[in-house]
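Below is one structure; the comments refer to it alone.
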Amino acid sequence: MGDTPAGPSSPRRRHRARGPRRLLPALLLGVLALGAWAGSSMAAWNQAPPSAERPLPTGKAPATGRPGTELPFDMPSTRALRASGRLVFAHYFTPYPLSLDNRPAREDYYTRNYLTRHGEKGKHQRYGGLLRDRPLPVAPRSGNWELANLRQEVRTARAAGLDGFTVDILSLSGRNWERVNLLLDAAHAEDPGFRIMLMPDMTSLRADPATLAARLAQLGRHPAAHRLPDGRLVVSPFKAEAKTPAWWSRTLSALERRHATRTAFVPLFLDLAGNAERFAPISHGFSEWGSRSHTSQSGATADIRLAHRLGKIWMQPVSVQDARPNQGIYDEAGNTATLRASWGHAIDDGADWVQLTTWNDYSEGSHFAPSLRHGHAYLDLSSYYLTRFKTGQWPRIVRDTVYLTSRAQFAGAKPAPGAQRLTMRPRPGSAEPRDTVEVLTFLTAPATVHTFNGGQRASHRAPAGVHPRLLPLRRGFSAATVERGTAVTAEASARHQVRDRIDVQDLQYYAVTSGRPGAGGWSGD
């Protein structure tokens, strides 16, 4: 592939601002040797402080990270989860697979061109580099490495309880189209029960109904393409309202008449309220992209009720965060508050399906997939709510686990002069920016939680079950230790230092989990 990029970076996703209602390690050891892998723009604020400033694990917690002990609960089997009629997908964005060129992470395309402002001949200098995170690095492979990497992503998603991916179809030819086909191959080869839902992206496709129908029919013939039990191929276009219901009727008609492909149409809207009634006659279900601000989740209740009133299934968006350097905008996610709230609406309001938005769109910072900056933490956390969504029962917490989240810089921090001209601002309607560390505990019984936060130590009593605790963000490192009696049962330490002075702006929330000590969140130190 050389220095040829994989494809466009997120030319979509312009969801409307929403107000209060709905306005709108365990990590490969080789990675630790990467040094200043992200270039000078990232290395300056990732430099490690003297060891005395950094909290170290006590070493008293039970050994974790063994297979089956990463989560605070025992994950049901894939077979048990798939017995549920409720389905969970994650939105797969083809430009960002595990590797773009099969090179070692210290010199691969992500490192050379996306994680530094000097990459791609300075194309991304204005906003300090295209990305702030990347997929958790994988070693170069022999043979068909792209297929092998996609199979690995399918395994990772299946282990987290997902039923499949919704694949963003950005084009009908070229590298991204090839990856759509390869993803279908990977899913079927790895797990014939793992489904790929077709999601033509109407912010980038310019095809006429006949051409799009032919391409969808081609993909639909693959055994991994998601179909309903009655055999209908599910077609779920992103920003469906970019075309009229009549246009879509011609497309669906062409699929059936010319290609013998019956469909279940599940349009995803950026404006549900303005389009639900118009699209109802041709639709099996509805979805929307949703908000990534923690204060703008309450509208999901009305969305689900509207879909069900019209006799449609509902695919609920579940998100963790959103920060887009190249667009100069971000949403205030409130640590894990957006993730927990959006899952809560899917569970409490009776969603039929869920879509994690997204699996791997690193240009939006919205990814659940394991990454360098948050490891498996967000995906592990999501598995807890997924299990409740699919089984109808809250999983029993059997292992004390702590999730620690914070940004690596203050929301108001300014990049060094000349390093970044375009900076991110909160999206209109988003919550107010906040500077907080969240200590989210999953406990088998009440316990004392000791925190270290920017040189200050404190303790609080946490109840059994799930409990978030917010601390003010301070310079330096943070850590949390769970203690019951004289035993330390869980501990997590941030792998990044919070700094006042920064080279580039990075407003994503980093995460670590005691369930996978050392995995993710690596800061180059």
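The condition of being part of a loop (DSSP other than H, G, I, E, B) and closer than 28 Å to residue 506 by Cβ holds for only one of 116, 156, that being 116.
Criterion first (in a helix (DSSP H, G or I), open to solvent by less than 10 Å² (accessible area, probe 1.4 Å) and among the polar types (S, T, N, Q)) does residue 358 satisfy it? For residue 358, the condition - in a helix (DSSP H, G or I), open to solvent by less than 10 Å² (accessible area, probe 1.4 Å) and among the polar types (S, T, N, Q) - is not met.
Rundown of residues vs (1) in a loop (DSSP other than H, G, I, E, B); (2) under 21 Å from residue 99 (Cα atoms); (3) among the basic types (Lys, Arg), yes/no style:
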| position | (1), (2), (3) |
| --- | --- |
| 167 | no, yes, no |
| 183 | no, yes, no |
| 196 | no, yes, no |
| 206 | yes, no, yes |
| 230 | yes, no, no |
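Scanning region 273-285 for residues that are part of a helix (DSSP H, G or I), open to solvent by 10 Å² or more (accessible area, probe 1.4 Å) and touching a strand residue (DSSP E or B) at 6+ places or on another chain (Cβ under 7 Å) yields one hit, 282. Only one of the numbered conditions (1) over 13 Å from residue 333 (Cβ atoms); (2) open to solvent by 20 Å² or more (accessible area, probe 1.4 Å); (3) of a type in the set (S, T, N, Q) is not met by residue 430, and that is (1).
Table: residues versus (1) part of a loop (DSSP other than H, G, I, E, B); (2) aliphatic (A, V, I, L, M); (3) closer than 19 Å to residue 339 by Cα.
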residue	(1), (2), (3)
439	no, yes, yes
445	yes, yes, no
450	no, no, no
460	no, no, no
467	no, no, yes
470	no, yes, yes
483	no, no, no
492	no, yes, no
517	yes, no, no
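Looking at region 156-168, can you tell me whether even one residue there is farther than 24 Å from residue 75 by Cα and either among the hydrophobic types (A, V, I, L, M, F, W, C) or at pLDDT 95 or above (or both)? Scanning region 156-168, I find at least one residue that is farther than 24 Å from residue 75 by Cα and either among the hydrophobic types (A, V, I, L, M, F, W, C) or at pLDDT 95 or above (or both), so the answer is yes.
Please verify whether region 451-462 includes one or more residues that are aliphatic (A, V, I, L, M), within 24 Å of the chain's Cα centre (by Cα), over 27 Å from residue 328 (Cβ atoms) and at pLDDT 95 or above. The answer is no, given that none of the residues of region 451-462 is aliphatic (A, V, I, L, M), within 24 Å of the chain's Cα centre (by Cα), over 27 Å from residue 328 (Cβ atoms) and at pLDDT 95 or above. Residue count for region 132-181 under the criterion of being surrounded by fewer than 22 Cβ atoms within 10 Å (Cβ to Cβ), farther than 26 Å from residue 69 by Cβ and hydroxyl-bearing (Ser, Thr, Tyr): the result is 3. Apart from one condition, residue 414 fits all of (1) surrounded by fewer than 22 Cβ atoms within 10 Å (Cβ to Cβ); (2) more than 30 Å from residue 329 (Cα to Cα); (3) charged (D, E, K, R); the exception is (2).
Per the listing 479, 511, the residue uniquely outside any loop (DSSP other than H, G, I, E, B), at pLDDT 95 or above, under 21 Å from the mean Cα position of the chain (by Cα) and buried (at least 20 other Cβ atoms within 10 Å of the Cβ) is 511. With respect to the conditions (1) open to solvent by less than 10 Å² (accessible area, probe 1.4 Å); (2) hydrophobic (A, V, I, L, M, F, W, C); (3) more than 22 Å from residue 86 (Cα to Cα); (4) under 24 Å from the mean Cα position of the chain (by Cα), residue 217 falls short on a single one, namely (4). Counting only residues that are of a type in the set (S, T, N, Q), within 31 Å of the chain's Cα centre (by Cα) and open to solvent by 10 Å² or more (accessible area, probe 1.4 Å), region 221-272 holds 2 of them. What is the residue count in region 79-98 for residues that are crowded, with 23+ Cβ neighbours inside 10 Å and small (Gly, Ala, Ser)? Result for region 79-98: 1. Kindly evaluate residue 132 against the criterion of being touching a helix residue (DSSP H, G or I) at 6+ places or on another chain (Cβ under 8 Å), of a type outside the set (S, T, N, Q) and outside any loop (DSSP other than H, G, I, E, B). No.
Against the list (1) closer than 27 Å to residue 273 by Cβ; (2) open to solvent by less than 10 Å² (accessible area, probe 1.4 Å), the condition residue 202 fails is (2). Listed by first and then second residue, the pairs linking a residue in region 52-65 that is modelled with pLDDT under 75 to a residue that is aromatic (Phe, Trp, Tyr) and surrounded by 13 or more Cβ atoms within 10 Å (Cβ to Cβ), with Cβ atoms under 9 Å apart and 6 or more places separating them unless they lie on different chains, are 53/477; 54/477; 55/452; 55/477.
The values are calculated or read from the model by the stated rules, or taken from the named source; none is laboratory data. Every value quoted in this text rests on a predicted model; they were computed, and no experiment measured them. We place every Cβ from the backbone using ideal geometry, glycine too, and count neighbours over all the protein chains shown. The accessibility values were calculated without ligands, DNA or RNA, using every heavy atom of the protein model including side chains. Shrake-Rupley method; radii C 1.70, N 1.55, O 1.52, S 1.80 Å.
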